[in-house]
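Read the structure below first, then the notes.
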Amino acid sequence: METVLVTGAAGFIGSNLTRTLLEEGYRVIGIDNFDDTYNPEFKEAHIKSFLGNANFVLERVDIRDVNALLAVFEREQPSFVIHLAAKADTRNAVNEPDIYIAVNIQGTLNVLEAARKTNVKKVVIASSSSVYGNDPVIPWAEDAAADRPISPYGATKRATELLAHTYHHNFNMSIVCLRYFNVYGENNRPSMVPYLWAEKLLRGEEIEISGDGSRKRDYTYVGDTVRATINAMKSSIDFEIINVGNNHPLSLLELLSAFERIIGTKARVKTRPSHPSSVESTYANIEKAKRLLGWEPKVTIDEGLSLLVAWFRANRLKESE
């Protein structure tokens, strides 16, 4: 049984990934600091079902704590590391850049150093479509310069990719950086549009749309994202940066129509100005993922939103009332 260390294991993508790894027979070391970016009780709920599993170990560690982090690596000797822990809100990063740099850059450096010192076989790092900024050449491909992010969050994610390459170059570490595109689904972060709209529509409340609703996002179901991540972990890739997206952008108005279809309601809508750190569109070229990971998305937007809505009804609706 091989051991996979997952940072951010109690978060949105991390909890979905942990569940799948356990189902596939891996031993999982979950690292999370349960910070208060959103209600820590939500993260506790995400991992509750894992705590009785003999193949799951939870370590309440902050990746900025280099000594505590290294101690976990040395004790558990993971074969693989999947590094998801990060500060992830694009707009908050504009106002609080210091903590994004500390967690996303220094924290990633700490993970890379711990992986180097314990001879980890493969590191998979979660990057983001935010590195592309407002690049007008779409769909976005990995060979784009990605040197014009429009928020500190995107800048930190690009920095982690560059750090990862230096560790591959100098220490021959096998590292894959995955640029996730607008992931949604069960255990969604509460600040994200799919969660916010599911909550508002199910409660019969008014929703907000930024701008005129024409902004497009390449919404990617979390189960597809998890599958790409595990494929990257299992791959023989030495170093690559790979897009993981749905390859089918939807405007905010199209997303709303899909929600209305699924929930069977008509939304009451108000508009607000768009935030300057929000990109106009995200659109993944996924030819590299198809070629190197044997991966492409399988879950349609209607299927994915139906799963999100069902999860929200079962797990969040009472808490939000």
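Nothing in this text is a laboratory measurement; each read-out follows from the coordinates by a stated rule. Only a predicted model underlies this, so the values are computations on that prediction, with no experimental measurement involved. Ideal geometry is used to build each Cβ from the backbone, glycine not excepted, and the neighbour counts take in all protein chains shown.
Once you have the alpha carbon radius of gyration of region 185-321, what is it after dividing by 2.2 N^0.38 Å, with N set to its residue count? Show your work: numbers first, answer last.
Numbers: Rg = 16.3 Å, N = 137, 2.2 N^0.38 = 14.3 Å.
Normalised by 2.2 N^0.38 Å, the Cα Rg of region 185-321 equals 1.14.
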Is it possible to state the helix-based mean residue ellipticity at 222 nm for the chain, with each DSSP H run of 4+ residues giving -39500 (n - 2.57), the sum divided by total residues, to the nearest 500 deg cm²/dmol? What is it? -12500 deg cm²/dmol
Please report the antiparallel percentage of DSSP beta bridges with both residues in region 3-320, rounded to the nearest 5. 5 percent
Which residues qualify? For residue 175, with a placed amide H closer than 5 Å and at least 5 residues away or on another chain, they are 123, 239, 240
Filtered GluC sites (Glu not before Pro), region 185-267: DSSP coil and at most 14 other beta carbons within 10 Å: 205, 206
Can you give me the C-alpha center-to-center distance between region 43-92 and region 142-209, rounded to a whole angstrom? 18 Å
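For a Förster distance of 51 Å, can you work out the FRET efficiency between the beta-carbons of residue 134 and residue 71, rounded to the nearest 0.05? Present the calculation step by step, with values, prior to reporting the outcome.
On the way: r = 42 Å, r/R0 = 0.82.
After rounding, the FRET efficiency stands at 0.75.
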Please state the relative contact order of the chain as a whole percent: Cα pairs under 8 Å, 6+ residues apart? 18 percent
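For a quick check: sort 173, 192, 1 by the number of other beta carbons within 10 angstrom, fewest at the front. If you can, show how the numbers build up before the last one.
Working: 173 21, 192 17, 1 7.
In increasing order of surrounding Cβ atoms, one gets 1, 192, 173.
When a/c is below 1.5 the answer is rounded, else prolate if a/b is larger than b/c, else oblate, so apply that to the chain with a ≥ b ≥ c taken from the square roots of the Cα gyration tensor eigenvalues.
Working: a/c = 1.66, a/b = 1.34, b/c = 1.24.
It is prolate, given that a/c is not under 1.5 and a/b is the larger ratio.
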Per the rule of 0.36 nm per residue minus the C-alpha distance, extending residue 266 to residue 141 adds in nm 41.3 nm
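Tally Lys/Arg at +1 and Asp/Glu at -1 over every other residue whose Cβ is under 12 Å from the Cβ of residue 105; what's the total?
Values: positive: 64, 87, 157, 158; negative: 98, 161.
After counting each charged neighbour, the total is +2.
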Å³ per residue of the Cα convex hull, for region 129-240? 129 Å³
Vicinal HN-Hα couplings computed from phi for region 70-86 (Karplus, 6.51 cos²θ - 1.76 cosθ + 1.60; Hz; Gly/Pro x): 4, 4, 5, 4, 5, 6, 9, 6, x, 7, 10, 10, 10, 9, 10, 4, 5
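Once Rh is set to the Kirkwood radius over Cα pairs, what Stokes-Einstein translational diffusion coefficient, in µm²/s, holds for region 26-81 at a temperature of 20 °C and a viscosity of 1.002 mPa s? List each step's numbers first, then the result.
Working: Rh = 12.3 Å.
Translational D for this selection: 174 µm²/s.
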Specify, per residue and in Å³, the volume enclosed by the convex hull of the alpha carbon atoms belonging to region 1-133. 105 Å³
Tell me, what HN-Hα J-couplings in whole Hz come from the Karplus equation 6.51 cos²θ - 1.76 cosθ + 1.60 at θ = phi - 60° for each residue of region 257-269, using x for Gly and Pro? 4, 5, 4, 4, 4, 6, 7, x, 9, 10, 7, 9, 10
Where does the Debye-calculated log10 I(q)/I(0) of region 260-301 sit at q = 0.16, 0.24, 0.26 Å⁻¹, using only Cα point scatterers of equal weight, no solvent? -0.81, -0.91, -0.95
Would you kindly derive the ³J(HN,Hα) couplings of region 20-33 from the backbone phi angles with the Karplus curve 6.51 cos²θ - 1.76 cosθ + 1.60 (θ = phi - 60°), listing them in order in whole Hz, with x for Gly and Pro? 5, 4, 5, 5, 8, x, 8, 8, 10, 9, x, 10, 7, 9
Amide H contacts of residue 58 (H built 1.01 Å from N, under 5 Å, at least 5 apart or other chain): 30
Amide H within-cut-off set for residue 283, under 5 Å, with H built and near neighbours excluded: 140
Between residue 298 and residue 51, what is the label-point separation in nm under the 7 Å Cα-to-beta-carbon projection? 3.2 nm
Tell me the trypsin sites (Lys or Arg not before Pro) within region 222-267 that lie in a loop according to DSSP and have at most 11 other beta-carbon atoms within 10 Å. 266
Within region 12-93, trypsin sites (Lys or Arg not before Pro) in DSSP loop having at most 13 other beta-carbon neighbours inside 10 Å: 60
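Taking R0 as 35 Å, what's the FRET efficiency between residue 39 and residue 166 from their Cβ-Cβ distance, rounded to 0.05?
0.45
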